[in-house]
Structures are given as structure tokens and as C-alpha cells.
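Reading through the C-alpha cells given below for one structure.
The values are calculated or read from the model by the stated rules, or taken from the named source; none is laboratory data. This one's a predicted model, so the numbers in the text were calculated from it and none came from an experiment. All Cβ positions, even for glycine, are placed from backbone atoms using ideal geometry, and neighbour counts span all protein chains on display. We work out accessible area using only protein heavy atoms, side chains counted, and drop any ligands, DNA or RNA first. Shrake-Rupley method; radii C 1.70, N 1.55, O 1.52, S 1.80 Å.
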Protein chains: 2
Amino acid sequence: MVSPETSSSHYQSSPMAKYAGARTRPVICFSDVVLFLGGAFMSLILVWSFFSFSSISPNLTVKTNESSAKCSPEIDMKYDPTDPVYYDDPDLTYTIEKPVKNWDEKRRRWLNLHPSFITGAENRTVMVTGSQSAPCKNPIGDHLLLRFFKNKVDYCRIHGHDIFYSNALLHPKMNSYWAKLPAVKAAMIAHPEAEWIWWVDSDALFTDMDFTPPWHRYKEHNLVVHGWPGVIYNDRSWTALNAGVFLIRNCQWSMELIDTWTGMGPVSPEYAKWGQIQRSIFKDKLFPESDDQTALIYLLYKHREVYYPKIYLEGNFYFEGYWLEIVPGLTNITERYLEMEREDATLRRRHAEKVSERYGAFREERFLKGERGGKGSKRRPFVTHFTGCQPCSGDHNKMYDGDTCWNGMIKAINFADNQVMRKYGFVHSDLGKTSPLQPLPFDYPDEPW
Amino acid sequence: MVSPETSSSHYQSSPMAKYAGARTRPVICFSDVVLFLGGAFMSLILVWSFFSFSSISPNLTVKTNESSAKCSPEIDMKYDPTDPVYYDDPDLTYTIEKPVKNWDEKRRRWLNLHPSFITGAENRTVMVTGSQSAPCKNPIGDHLLLRFFKNKVDYCRIHGHDIFYSNALLHPKMNSYWAKLPAVKAAMIAHPEAEWIWWVDSDALFTDMDFTPPWHRYKEHNLVVHGWPGVIYNDRSWTALNAGVFLIRNCQWSMELIDTWTGMGPVSPEYAKWGQIQRSIFKDKLFPESDDQTALIYLLYKHREVYYPKIYLEGNFYFEGYWLEIVPGLTNITERYLEMEREDATLRRRHAEKVSERYGAFREERFLKGERGGKGSKRRPFVTHFTGCQPCSGDHNKMYDGDTCWNGMIKAINFADNQVMRKYGFVHSDLGKTSPLQPLPFDYPDEPW
């Protein structure tokens, strides 16, 4: 696979004037975070030392905890000053139809007025997922969605992310794979404290509960998606990336991307035309309607100079991975990880779930350093995506039968759940068996059970 | 209803020797928290000022953020020192069969070794809920469970609680209503940073997203449950309290309660006997098997002096409420809350979801101060419990038909979701209609839509 760095040198020189601004704007997004983190910390000290001697603000929750009054306070969910912010602007709406302007400045002002949210803001993430509002046609569809959601909640709890589940359309026309865009935009506006929104499809799950995204790689980018430049620019395939899982930076560039992206969707008068354009370029696209994934690939393909510099095509690990490639290997991966644990007592040490990241970091350092993810890697797959299975409708790809899908899901869910339940003292002895769990012996797996 | 304070003076003098210790132990639980919070803060300062000049500990994640290094650090999920803690004790297990001893000391030691978790520890809560591991028999059962879970995740996100969903048995015999006890015990051990575990049944939901439990009332108690002393001690009814929702303090007293409680469950050789004893005292109990709710009532009834002082029977608001009593009033309550919002612009002000508690506190102060919850109150019901509906099996009480249950659930879920989605700019225009949502106009409801 071509890495973004290498291929980004072959830019085509066909930028569109309307996008010209977009090239510089995104850079603001990140560098400003660094700037205001520094600057805002000083103001934070001033603000809080001021608050500790005064109580003129009727909104102020005076902190009784000395540690908070003296320095960097814990996040204060009860403090919202009356100073006007973007929420007080009648012209700002959460809807997909109306663009948001100057979002970076608006978000920065909010953060400066809420200093307790500045520490940790650099990569603070809110995960957003969702599914349809009606019961699934597939009899076990909702059961699987419930377990997929539990898995995401587990990952977010372990890593301290917030998670929001959207199960109602925010725009009647933006349904199915287009429904994510209105939800992501609304989440950006509702969560100015978050630098990233992490969209994860309902049929994707975390199969490595320890792994955390390599944020440092994404510093200069505003959208991270699993994909391969060569497949976009040479093969012109509508599967050159997968739009079912993405990290999008909460900044003006992203607001504009969502507007442009939505412009190829069902709300657009040119929706039908966009479907034809997509199929004319990406010959392997199966259906006539314009879809969000091909639309994103189209932007990268057609306006490479505008979008490519800011969209990180992550191909170094399973940012999301195709389940058929992953599920058969889960039993072997389990064994490989048990070997690491037999080899090093630190990995066998029981601990509070809240400090799990310390052990994930240790395993990374001791056993996985430099180990690339993806096919054939000894790394656990990070995210396993049941593309083509359609758990809710049950209308899976005819390449495989339904049971292959449903059994694969249960196996992957239990594989992930073993990493979680271990912190509660239990394990699924067989990946195909959800319940009852087996108690884990002390010092497992050094002592077999 | 008799308040605990008044009726707690009529103690029967029938303590059992084996419980004598339990009367004092619980007091340790709380007062120690206060003690070590103070003490630990000093050690925290020492610990961190030491860390900032040294790095001898291989486990130490040296904080680069100046604010953290200088003072009260943000929660450090990557720090777990090698000093031995209870996790390193081979004799400590997470299982329901084996008692945990000296839990208060063990938990306190862990907290002192993890100073970043001390701030906010006083009432830190982990919510635990769950359901069966297999798909529901009721065709819409899993869909409803998914939406009930989303509701709990929403409440926890808004108030900063962690939430854990258990969908596998931790002991094969501890199933159905007994399954919660092994899950709660395992969560206590896995979450030493948490002072409370909040069990909430899968068929209960939060219908007031702003309300927070009155923690100050529970300072001297270790278990909080919705119930009425008069109905235990005078009427001797198995519905004198509801065990489907409870707050249990993460302390030794609770560990011992869970052991005693479990002693009346399916793992006990005397399980059958306990069912008979329960029915002999609580004549309205419907089925012969010993159940967790009657078992708890039995302990309060039989060993009042031991348990009553530490179990807070919350009857002042819907700590959990019977849905048939609540659902018909939801439309009126919506109207009452809109009136408050028309009356005060602060309640109409849009804001980040993360600072929602500030507006909940404002509404409390401005409109609800002194307002008791429960039947006929102008307060929203805090938790609505669909007791008797059995969403997963579908085997609902024959008093009412299934559709009354399912429609009531959708109505209650959307009633709650309106409080959440408003922070994302949208609303369910009709409580019976989940999707699509309607955009909220600016300054709603002052401007009607």
C-alpha cells in the first residue's frame, strides 16, 4: 500500500477556486489548539485564583475543594458563564442544511470560557454511533446491535471517551448510510469540549480493547479513515476506503467537508446526478444511488489537492477491518496474546479497570513495538467491521450465508468481551459461548484452568 | 408513608450475634472516606511534588502537563504502581461464593496508591445494568433493551458516571433476578475508585435527565432502595421495596450484605427453605422460589436493628416508579416543564451537553426547591420502571395487554430522549413518534414551532 506521505507528492493541479480557502483553514484547527492550551492555561490560573476570592458571577459554582481552587480544576460540569457564546446566536443551527461559519473561533471562545475543559482537550474524543429507530427485520438483529453497542461502551469506559447513540433521523431524507452526517454535525456543536468525533458503524466492534489511535500521526489531518491512496488514484474503486468508521476533527474544515459531502446526498437537488457521476468514475460501484463512501472517495479523487493533505488514509492497522479476513484468525491471536502473558508477569497482574491503559501501554512497549497491524500481524485487529452482513435487516451479501455472519459476530464480540471481563475476574472459555462465564484463576494464564 | 427517621425509633430488639459487628463497620465506610480524602490530599501533594523531581518508579507516567505536575492531577489512567494491593492477593476472588474480607482497608490502600482518583471519590458512581445473553423471545424485546440501554448511557454521559452492561451469568445458578448480585460484587472489586455501584434493571429508564440523587441524605447509609418502612413492618408485603434499582456503597458492609443476601439464593443449599420462609411471612408473594427482593425485605424485617440503620428506604421521589402510575402523566409534565422554560430565559438557553448540570441545578433552585417527587408531584419522575412488562420474554402481567407496555415504553423513552436530543438541537414532536426528529427553533419554547 502507498503511504499518504509518498503519494501526496503526485498532486494533480486541479483545485477548485471555491476550495482554495480550505487548504489553509485546517492548519488553524490543530496549531491553535496548542496555542490556546498554553494561553488558556494562564487565563485559567487567573480565572480560578480570581474565583477563589470573589463570587460575583451568579453562575459560578464556587469550588470548595482546595486542589481545584488552587490550580487546574477537575472538569466542572456545573459551570456555564453568561458570556455570550455561539449557542446564543439565533442564526446558528444544528441542522444539516445550514452551514456553520467561523467554527474554530466559536469553539475556541467556548473553551476559553470553560477553562476546566482545557486540560485533555487536545485529543478529547466523543464516539458517535447509531442505528435505525424501528425494530430490526432480522429476528436476532437488535440483540446483535445491543451487544455491538455494549462493546463500544466498554471501549469508551476503558479509555475515558463519551459515547452517544443516535437512533432517530435528524433529517428525514438523510437516511441509511447518510444518517451519520447530521448526527456527527450535531455532536460537533453539542460537544465543543471534544477535538474529535469518532463515528463507528453499528456493525463494527472493538476487538483490541487496549489499542488507542496513534494521535501524533493525525496532528496535521482533520479526517482519519481506513483506506489506500493507490486504490483511489490508480484502481478507482468505491472500496478504496471505508466510511463506516472515521475520526473527524471538530473544526471549521470539517464543517465545510460535511456541507460539501452532504451536497452529494439525498438532500441535494442533484442527488440523482451524483449517483451517475460516481458510477462513471468508480466502475465497481454496485448501485445507482449516490452513497457517502463513494462521495468521499470522489472528493479525494477529483479534488485531491484540496482534500488529500487533510484526510489521513490509515492503512497501517485495522482502523476498521473486514470481518472475513479477521474472524478465522481470532483463536490464534488469543493464543499469541496468552503467550505474551505467560512470558511476562506484569501482563498477568490483576488491576482496576480504570488503569487498564497502563497495561496496554506495557504490552505495546514490551511485545508490539513497531509491529504493524492488519493482515498477518500478531496484533489484535483494532476494529472488526461486519461489512456486508447487515445484522439489522438480515439482507446480507449472498457470498456467504447468514449464520457465517451471526456466528462470526458472536465470536468477535466474545473475543473482545474476554479482554473486558478479565478485569471483572471472568472469561468466556469458548468464544462461541456467551454465558455462563468462567472465573479466572489467579495469575492466569500461568496457571492453566 | 413513614419516613425512615421517624420509624427507625421503633426498633425491635432482636439482633443476631453474628451481625453485631455489622452495626459499627458501616459507619467506618463513610467517615473514613472523609478522613482519607483529607489525609490523602496531603499525600497527593507530597506524592506529586516528589514525582515532579524524580522518576525512580518505572511505572510512573511522568506528567508533561504543567498544571498536572504542580497540583491535583487529572485522573491518570496510565498509572498503576507496583506496590502490592488486593489484586495481588491470590486468596481474593471476584466470585460470589467466596467472601471478601477487610474490603474498606483494601480499597483505601488502593486509593491512596492512586492519588489522582481521590478528587471526586466521595460519591463517584459506576452504574451496572444487564440482561440475558440470548436473544429475547419477545420480537421487539431486544430493540426495547437497546433503547433502555441508550437511555442509561445518556444519563451517565450527562452526569459523568461510568456504566457497565452485564449480559453473561457470572454464576450458572445465579440467574434471572439473582444475576445482579455477582455482577455488582465483581464491579465493586473492579472499580475501587467508585464509592457507589448503582444497579438499574434493564426495564427501568431515566425520565428526568437532570435529577441527581440527594447524596447528602445517604451519607450514613450503605444501601439506597425505593421502599416504605410501614409496608415492611406493618403490612409485611413483598412489594414493600423494589430491588430493581439500588445504590450500594462500595464497602465491607455491602460485601457482607451480598454474602448474606446470596445465602438465600439459588447457590444456597437452603434455597427451597428460604422460599417457604419468605411466603410464610410475606403472604402476598406470588411464587414459591426465594427471590432477591423478598430476601432483602426479609433481612430488614427480621434483623431490623442490624440492617435498617444502614439501608435508606427512599420514598420521597421516584427513585424508581411504577410505570402505570407515571406514563399517563408524561404529556402533562412536558407541558409543566415548558411553562417553566417560557417563564425563565436561562432554561431556554442552548448550551454544551457537558454543562447540562448547571441548568438542572438552576431549575431545581428556581422552580423545584422543596418539591417532593412521586405521585402528583410537578417533578419529572426520576426513574420509570416497567415492572411486570417483561420486555425481553414478553410474558407480561395479564392485568394489561402487551401493547400498553410497549407503547408506554416508547413514550417514556422519547420523553427522556427529548431532554437529551434538545442539547443536539432536536426534539420528538410527538412522544409516540421516534423518528424523524424535528429541529428546535432558537429560544424554544418561547417561540412556538
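Listing for the model above:
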| quantity | calculated |
| --- | --- |
| Test result for A:GLY374, farther than 13 Å from A:ASP210 by Cβ, at pLDDT below 95 and surrounded by 15 or more Cβ atoms within 10 Å (Cβ to Cβ) | yes |
| Failed condition for A:CYS392, given (1) in a helix (DSSP H, G or I); (2) of a type outside the set (Phe, Trp, Tyr); (3) surrounded by 17 or more Cβ atoms within 10 Å (Cβ to Cβ) | (1) |
| Helices (runs of 4 or more DSSP H) within region A:264-343 that include 1 or more residues among the acidic types (Asp, Glu) | A:292-302, A:304-307, A:323-326, A:330-343 |
| Selection count, region A:230-242, where residues are of a type outside the set (S, T, N, Q), open to solvent by 20 Å² or more (accessible area, probe 1.4 Å) and outside any helix (DSSP H, G or I) | 3 |
| Region B:215-229, subset in contact with a helix residue (DSSP H, G or I) (Cβ under 7 Å, 6 or more places away or on another chain) and of a type outside the set (D, E, K, R), residue most open to solvent (accessible area, probe 1.4 Å) | B:HIS221 |
| Region B:195-214 - residue that is within 13 Å of chain A (Cβ to nearest Cβ) and open to solvent by 10 Å² or more (accessible area, probe 1.4 Å) and, of those, nearest to B:HIS396 (Cα to Cα) | B:SER202 |
| Residue selected from region B:195-214 under the condition closer than 11 Å to B:THR125 by Cα and either among the hydrophobic types (A, V, I, L, M, F, W, C) or assigned to a strand (DSSP E or B) (or both), by the criterion nearest to the chain's Cα centre (by Cα) | B:TRP198 |
| Condition met for A:TYR177 (open to solvent by 10 Å² or more (accessible area, probe 1.4 Å) and either hydroxyl-bearing (Ser, Thr, Tyr) or modelled with pLDDT under 95 (or both)) | yes |
| Inter-residue pairs, beta-carbon under 8 Å, first open to solvent by 10 Å² or more (accessible area, probe 1.4 Å) and in region B:152-163, second of a type in the set (Gly, Ala, Ser) and not in a helix (DSSP H, G or I), 6+ apart | B:ASP162/B:ALA194 |
| Selection status of A:GLY432, more than 11 Å from every other protein chain (Cβ to nearest Cβ) and open to solvent by less than 20 Å² (accessible area, probe 1.4 Å) | no |
| Any chance B:TYR94 is closer than 30 Å to B:THR262 by Cβ, of a type in the set (Ser, Thr, Tyr) and modelled with pLDDT of 95 or more | yes |
| Test set (1) touching a residue at least 60 places away in the same chain (Cβ under 8 Å); (2) farther than 30 Å from A:TYR79 by Cβ - B:VAL128 fails condition number | (2) |
| Top-ranked residue of region B:362-371 - restricted to ones that are within 13 Å of chain A (Cβ to nearest Cβ) and either in contact with a Gly (Cβ under 8 Å, 6 or more places away or on another chain) or free of Cβ contacts under 8 Å to residues at least 40 places away in the same chain (or both), ranked as surrounded by the fewest Cβ atoms within 10 Å (Cβ to Cβ) | B:GLU365 |
| Condition check for A:GLY408: of a type outside the set (A, V, I, L, M), open to solvent by less than 30 Å² (accessible area, probe 1.4 Å), more than 9 Å from chain B (Cβ to nearest Cβ) and within 30 Å of the chain's Cα centre (by Cα) | yes |
| Index of the failed condition, A:ARG350 passing every other in (1) open to solvent by 20 Å² or more (accessible area, probe 1.4 Å); (2) part of a helix (DSSP H, G or I); (3) within 14 Å of another protein chain (Cβ to nearest Cβ) | (2) |
| Odd one out for A:VAL245, checked against (1) over 28 Å from A:TYR307 (Cα atoms); (2) in a strand (DSSP E or B) | (1) |
| Region A:69-80 residues that are within 7 Å of chain B (Cβ to nearest Cβ), paired with ones that are open to solvent by 70 Å² or more (accessible area, probe 1.4 Å) and at pLDDT 65 or above (beta carbon under 8 Å, 6 or more apart) | A:SER72/B:GLU74; A:GLU74/B:GLU74 |
| Conditions (1) more than 14 Å from chain B (Cβ to nearest Cβ); (2) farther than 21 Å from A:CYS405 by Cβ; (3) without any contact (Cβ under 8 Å) to a residue 40 or more places away in the chain: number failed by A:GLU341 | (3) |
| Test: residue in region A:418-427 that is within 14 Å of chain B (Cβ to nearest Cβ), surrounded by 15 or more Cβ atoms within 10 Å (Cβ to Cβ) and under 21 Å from the mean Cα position of the chain (by Cα) | yes |
